Amino acid sequence: MKFLVCCYIIITSFTSMLLFQDSELKESMKRGSEIYADFCVNCHMKQGEGVEMAFPPLAKSDYLMKNRAASIRGIKYGQTGEIIVNGKVYNSTMSPMGLEDEEIADVMNFISNSWGNSADKIVTKEEVKAIQKNSK
């Protein structure tokens, strides 16, 4: 009986945690979609398709999904220099957007879970805050 009670408590706790995180992600993505529409859509386009040879795609982006910290850093501090996205070279400049850490987390959650992307875990403002300008 004790075993069943313990199992019930563990399963209930785990389920509650997943539902909370799912709700938290959905709210973050909703805020992130609004930020994307205000700051990102002009270059990366409405469906994240980017502009060939000018602005890299965010949709189904191997770079975004494999380089989480670098992607956060690019939004937070801007980005210059060559990157390879989905096998194509991009060498343009992205200015810093002037967003707060929570806004960066929200837009990262939106782009990392839209247009064929699926992140393993939610981006938090604490994670964004920890990203330094000159680290790799």
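The values are calculated or read from the model by the stated rules, or taken from the named source; none is laboratory data. Quantities reported herein were computed from a predicted structural model and do not represent experimental measurements. No Cβ is skipped: glycine too gets one built from the backbone with ideal geometry, and neighbour counts run over all protein chains shown. Just so you know, the surface numbers come from the protein's heavy atoms only, side chains and all, with ligands and any DNA or RNA stripped out. Shrake-Rupley method; radii C 1.70, N 1.55, O 1.52, S 1.80 Å.
Only residues in region 107-122 that are at positive phi count as the first member; pair them with residues that are among the aliphatic types (A, V, I, L, M) and open to solvent by less than 30 Å² (accessible area, probe 1.4 Å), Cβ under 8 angstrom, at least 6 apart or cross-chain, and list the lot.
Here the result reads Trp115/Leu58; Trp115/Ala59; Gly116/Ala59, each pair linking region 107-122 to a residue that is among the aliphatic types (A, V, I, L, M) and open to solvent by less than 30 Å² (accessible area, probe 1.4 Å).
Scan region 36-55 for residues that are of a type in the set (D, E, K, R) and either crowded, with 17+ Cβ neighbours inside 10 Å or part of a loop (DSSP other than H, G, I, E, B) (or both) and jot them down.
Listed by number, the residues that qualify are Lys46, Glu49, Glu52.
Given the structure, is Lys66 open to solvent by 50 Å² or more (accessible area, probe 1.4 Å) and under 12 Å from the mean Cα position of the chain (by Cα)?
yes
In region 66-80, how many residues are in a strand (DSSP E or B) and in contact (Cβ under 8 Å) with a residue 24 or more places away in the chain?
0
Among the residues of region 82-126, write down those that are surrounded by 16 or more Cβ atoms within 10 Å (Cβ to Cβ) and more than 21 Å from Ala37 (Cβ to Cβ).
Answer for region 82-126, where residues must be surrounded by 16 or more Cβ atoms within 10 Å (Cβ to Cβ) and more than 21 Å from Ala37 (Cβ to Cβ): Ile83, Val85, Tyr90, Thr124.
Go through (1) more than 16 Å from Ile35 (Cα to Cα); (2) in contact with a helix residue (DSSP H, G or I) (Cβ under 8 Å, 6 or more places away or on another chain); (3) surrounded by 18 or more Cβ atoms within 10 Å (Cβ to Cβ); (4) not hydrophobic (A, V, I, L, M, F, W, C) for Lys129 and report which single condition fails.
With (1) more than 16 Å from Ile35 (Cα to Cα); (2) in contact with a helix residue (DSSP H, G or I) (Cβ under 8 Å, 6 or more places away or on another chain); (3) surrounded by 18 or more Cβ atoms within 10 Å (Cβ to Cβ); (4) not hydrophobic (A, V, I, L, M, F, W, C) applied to Lys129, the lone miss is (3).
Only one of Ser118, Ser28, Ser33 is in a loop (DSSP other than H, G, I, E, B), of a type in the set (Ser, Thr, Tyr) and under 15 Å from the mean Cα position of the chain (by Cα). Can you tell me which?
One residue alone meets the criteria, Ser118.
Give me the pairs, please: first residue somewhere in region 81-94 and closer than 9 Å to Pro56 by Cβ, second residue anywhere and among the aliphatic types (A, V, I, L, M) and open to solvent by 60 Å² or more (accessible area, probe 1.4 Å), beta-carbon distance under 9 Å, and either six or more positions apart or on two chains.
As it stands, the answer is Ile83/Val89; Lys88/Met53; Tyr90/Met53; Tyr90/Ile84; Ser92/Met53, since those pairs meet every condition given.
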